[in-house]
Structures are given as C-alpha cells and as structure tokens.
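To keep things clear, I will list the structure first and then write my remarks on it.
The values are calculated or read from the model by the stated rules, or taken from the named source; none is laboratory data. Remember, it's a predicted structure, so these values are computed and weren't measured experimentally. Glycine also receives a Cβ, built like all others from the backbone with ideal geometry; neighbour counts cover every protein chain displayed. Surface accessibility is based on the protein's heavy atoms, side chains included, excluding ligands, DNA and RNA. Shrake-Rupley method; radii C 1.70, N 1.55, O 1.52, S 1.80 Å.
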Amino acid sequence: MSFAGPKDIIAEGDTVVLYLTPAAMHTIDAVPHIRNKKNEMIEYVFQTSFGALKVRDLIGVRYGSRVQLTKGWAHVLQPNPELWTQTLPHRTQILYTPDISMILYQLEVRPGSIVIESGTGSGSLSHYFLRAIRPSGHLHTFDFHEERVAKAREEFVAHGLGDNVTVRQRDVCEQGFGDELNGIADAVFLDLPAPQLAVPHAAKALKNEGKLCPIKQP
C-alpha cells in the first residue's frame, strides 16, 4: 500500500522503486517469495546490472536507504506517479509527466473531483488522477481489453488506491459510460483511436461546468 500516503518503513507487500541510476530504475514488490514458471514458490531474488538482491531483505528497511547488491548498491524509494510512469510494465503506449501535467491543469482536477477516463491502458495517467482527487474523489476508468482491466484493477488495490477507483471493461464508443454516471463527472478524459465517437457519451456524463479532454491515439 505504498502509494496511499507517505511511509517511513517498507512493509511486506509494498511496491518499492529500486533506484540504481537515473536511467536504471525498477519497480518490485517487497515479498519474500514468488512463483516461478513451474508455479512453484521460490525465494525472490531480483537481478540488476549491479548484481542480485534478496527482496526479503527490504522488509523493515527505511525508505530512502541504500541497500547492498552483490556487485554494488541501490537506493529504495517510495513510489509516486512520476516514478511509476518511468518503471511501470507497459501494456500500451503511455503518457508521460509533461503531457500529464497539462492535462490535469486543463481539466482542473482537484481533491474531491469525479473523473472519467478511457482507456485505462497501462495506468500511467490513472495514478496521477488518483493522487489529485484523493482522499474524497473517485476515478471511473474504462478499457475494452479484459486482461488490461484485470491487471489495472489488481495494481490499484495493491497500491492502496482501490477505494478511490472503479475499473470497468467496456467499449465506451459503442456503449457509453453507463446511465449511473450521467451528470456526475467533473472531468472526462478520452485517450482513444476515435475519441469523437465517445464525445456524445461524455457530454451526458459531465456536469454543467465539467471539462472534456479528448486526444487521438496514433
């Protein structure tokens, strides 16, 4: 639950950023064991260009500490949206911090905002939305791809953000966002191949003073 708020000590299950250099960072889960390709539980040893790390040794360590690797050392950092964007597993092409900053500014997203996003993709922008709207806001994020939806939902829960986000599988261009979201959104963001097809649905979801930002995927 390392995204939910500032922490001092790494707990088991936390998502941790292993910082080697500005060009070499890795996101790992602080768990002592993982399953191998044979579905067997084995000790989690993470390999880096500076050597190996027994991940169990991170549990109980203070965030910001330097940790020893077999051929060097690294720092362990608490993740934030900026670090997550640089280290996340890419399921789709993603947006990066400079563009995201402008999107948040133009949409006037703030604590308590209700935001609709389509598509979820790799969840890069989603984490920025969640930081901006917490603790009382909510993100409704949509993707047509079943596997991406399941993985995003799993990540949000693991990161301690599950109470502030609802992830749905849907083709919003064809099906819209659902009647239950009509008139509730402060902001709608569309990152789709043909965002114009979802604009009428977005208009139904937006409050009178709500903001819309559509961008077309390449």
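Does a label point 7 Å from the Cα of GLN217, set along Cα-to-beta-carbon, have any residues of region 169-194 with amide nitrogen under 12 Å, and which are they?
Within reach of a label on GLN217, which here means backbone N under 12 Å from a point 7 Å along Cα→Cβ, region 169-194 contributes 171-173, 191-194.
Compare the Cα positions of GLY112, HIS138, LEU95 along the charge dipole of region 65-218 (+1 at Cβ of Lys, Arg; -1 at Cβ of Asp, Glu; about the Cα centre) and return the one farthest towards the positive end.
Of GLY112, HIS138, LEU95, it is LEU95.
Counting only GluC sites (Glu not before Pro) that are in a DSSP loop and have at most 13 other C-beta atoms within 10 Å, tell me the longest site-free stretch of the chain. Working shown, then result.
Working: sites that count: GLU12, GLU40, GLU108.
Here the longest run is 109-218.
Would you mind checking which residues have amide H under 5 Å from TYR63's amide H? H placed 1.01 Å from N; only 5 or more apart, or other chain.
Counting only residues 5 or more places away or on other chains, the set is ILE9, ILE10.
Given the Cα-Cα distance of VAL31 and VAL199 and 0.36 nm per residue of separation, how much length would full extension add, in nm?
Extra length from VAL31 to VAL199 when fully extended: 56.2 nm.
Probe of 1.4 angstrom, ligands and nucleic acids ignored: what's the accessible area per residue over the chain, in square angstrom?
Ligands and nucleic acids excluded, the result is 52 Å² per residue.
Hey, any idea what % of the chain's accessible area is carbon plus sulfur with a 1.4 Å probe?
The value for the chain is 51 percent carbon and sulfur by accessible area.
Amide H to amide H, which residues 5 or more places from PHE144 or on other chains are under 5 Å from it, using H placed in the peptide plane?
Placed amide hydrogens put ARG170 under 5 Å from PHE144.
So in the chain, what percent of DSSP beta bridges are antiparallel if you round to the nearest 5?
On the way: 21 of 42 bridges.
Percent antiparallel among DSSP bridges in the chain is about 50.
What is the Cα centroid distance between region 10-67 and region 170-218, reported in whole angstrom?
39
I need to check one value: relative contact order of the chain, counting alpha carbon pairs closer than 8 Å and at least 6 residues apart, in percent.
Reported relative contact order: 16 percent.
Enumerate lysine pairs in the chain that are 8 or more residues apart or on different chains, then count those whose Cα atoms are under 27 Å apart.
So the count works out to 12.
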